[in-house]
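Colleague: Here you go, one structure.
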Amino acid sequence: MSFTPRIEYQINAPVDLDQMIALYRASTLGERRPVGDRERMRRMRDASNLCVTAWDSDRLVGIARSMTDFAYAAYLSDLAVDLAYQRTGIGKALIDQTRGALEPDCMIILLAAPKAADYYPKVGFERHESAWILRPAAD
Ligand SMILES: CC(C)(COP(=O)(O)OP(=O)(O)OC[C@H]1O[C@@H](n2cnc3c(N)ncnc32)[C@H](O)[C@@H]1OP(=O)(O)O)[C@@H](O)C(=O)NCCC(=O)NCCS
C-alpha cells in the first residue's frame, strides 16, 4: 500500500457473513477453514463470544475470533488479516485488543497455521509441548 490507512478496532461488532468469508479468503486462512459451507461459517461467527475486528472505513480487514470464559482461558480460533494489509501491525493489534478484553490472568490458547508458525513467538506466545487434539470422528 502506498499510504497507511487508519484502522479502527471493534469488539463484538456485527459482521456480515459474506464480508467475513471474503476476509478469510483474502487472508489465505480460508484454505484452512470451511469457507465453502456458509451455514458452518455462520455458526462459527455466531458462537464466538469475543470477536475483535479491524476496519478500514467499512471494509473488514482483520479478525480475531475467540471462545472464552474471560477468566481462565480463551481459545483464539481464527486470526486473519487481509493480505493487502498484512505486516502493518494489525495482527498484533487484534491480539492486544483480545487480551485487553480478557481478565488479566486469563490465558490465550491457539493452534498455529503452518504459515503463521514463526509469527506467534514474535508476538509473545510460547510453544506448549503438551497440547493435544481429539480429531473429529469424520477425520
Ligand atoms: C498471521 C497474520 C494474522 C499476521 O498478521 P499481520 O497483521 O500480518 O502481522 P503483524 O503486522 O502484526 O506482524 C507483527 C510482526 O510479526 C511479523 N510477521 C507477520 N506475519 C508473519 C509470519 N507469517 N511469519 C513470521 N513473522 C510474521 C511481522 O513482520 C511483524 O514483525 P516486526 O514487529 O518485527 O515488524 C496474517 O499474516 C494472516 O492473516 N495470515 C494468514 C492467516 C493465518 O495464517 N492466520 C493464523 C491462523 S492460526
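Please treat every number below as a calculation from the coordinates, not as lab data. Just so it is clear, the structure is predicted and the values come from calculations on it, not from any experiment. Please note: Cβ atoms are built from the backbone with ideal geometry, for glycine as well, and neighbour counts cover all protein chains shown.
Colleague: Any idea how far apart Y119 and M107 come out in nm if each label point goes 7 Å out from Cα toward Cβ?
Modeller: Between Y119 and M107, the label points sit 2.2 nm apart.
Colleague: If we count trypsin sites (Lys or Arg not before Pro) as exposed when they sit in a DSSP loop and have at most 12 other beta carbons within 10 Å, what is the longest stretch of the chain that avoids them all? Don't skip to the end; give the middle numbers.
Modeller: Working: sites that count: R6, R87, R127.
Answer - 7-86.
Colleague: Also, I was wondering about something else. Grab the Cα-Cα distance for L83 and N49, subtract it from 0.36 nm times how many residues apart they are, and report the gain in nm with one decimal.
Modeller: Length difference between fully extended and current span is 9.7 nm.
Colleague: For a quick check: sort M20, M41, M107 by the number of other beta carbons within 10 angstrom, fewest at the front.
Modeller: Lowest count first: M107, M41, M20.
Colleague: Just for the chain, what percent of DSSP beta bridges are antiparallel, to the closest 5?
Modeller: That works out to approximately 85 percent antiparallel.
Colleague: Within the chain, what's the longest stretch lacking GluC sites (Glu not before Pro) that sit in DSSP loops with no more than 13 other Cβ atoms inside 10 Å? Show your work: numbers first, answer last.
Modeller: Values: sites that count: E126, E129.
Maximal segment without exposed cleavage sites: 1-125.
Colleague: Moving on. With label points built 7 Å along Cα→Cβ from the Cα atoms of R32 and A138, find their separation and express it in nm.
Modeller: Label-label distance for R32 and A138, simple model: 1.9 nm.
Colleague: Here is a follow-up. How large is Rg over Rh for the chain, taking Rg from the Cα atoms and Rh as the Kirkwood inverse mean of 1/r across Cα pairs? Mind dumping the intermediate values first?
Modeller: On the way: Rg = 14.8 Å, Rh = 15.6 Å.
On the Cα set of the chain, Rg over Rh gives 0.94.
Colleague: Based only on other Cβ atoms within 10 Å, what is the fewest-to-most ordering of D96, D78, D16?
Modeller: So the residues, fewest neighbours to most, are D16, D96, D78.
Colleague: Read phi for every residue in the stretch 110-123 and hand back ³J(HN,Hα) as whole Hz from Karplus 6.51 cos²θ - 1.76 cosθ + 1.60, θ = phi - 60°, with x for Gly and Pro.
Modeller: So the Karplus estimates, Gly and Pro as x, are 7, 10, 7, 5, x, 5, 10, 4, 8, 7, 4, x, 5, 10 Hz.
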